[in-house]
Amino acid sequence: QVQLVESGGGLVQPGGSLRLSCAASGSIFSIYAMGWYRQAPGKQREMVAAIINGGSTNYADSVKGRFTISRDNTKNTVYLQMNSLKPEDTAVYYCNARIPGSTYWGQGTQVTVSS
């Protein structure tokens, strides 16, 4: 079992920045990949960014160059630094962790980009 707790969401103006955090606990040594997904109203959940053991990262085309995913293994935490935010980035952001045979999700944190 893996527990994930997200934080850092909120309201920000277009062009602003936010940093999301996701703290993992439980069977953390089994985690081989972590990521961030988002779901806007009326839309399907989509992958935003992912990082696997070893440090390789992957990003959705819509966030490349603006978002950065990173992981601090000493704190069992993954971060999503979001810069140059746009109104279309508004969504509930979910943290995700994968272990062999299972996927775990956090409860989600709301990000709203609006003037």
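The values are calculated or read from the model by the stated rules, or taken from the named source; none is laboratory data. On a predicted model such as this, the values are computed, not experimentally measured, just so you know. Counting neighbours? That spans all protein chains shown, and the Cβs are built from the backbone with ideal geometry, glycine included. Just so you know, the surface numbers come from the protein's heavy atoms only, side chains and all, with ligands and any DNA or RNA stripped out. Shrake-Rupley method; radii C 1.70, N 1.55, O 1.52, S 1.80 Å.
Only protein heavy atoms count here; on that basis, with a 1.4 Å probe, D72 has an accessible area of about 40 Å². For chymotrypsin sites (Phe, Trp or Tyr not before Pro), the sites in segment 1-73 that DSSP calls loop and that have at most 16 other Cβ atoms within 10 Å are Y32.
Put the Cα centre of segment 76-101 next to the Cα centre of segment 1-53 and the gap is 3 Å. Its residues counted as N, the chain yields a C-alpha radius of gyration over 2.2 N^0.38 Å of 1.00. Probing with 1.4 Å while keeping every protein chain in the model, the per residue accessible area of the chain equals 52 Å². Expressed as a whole percent, the accessible surface of the chain that belongs to carbon and sulfur atoms is 48, based on a 1.4 Å probe.
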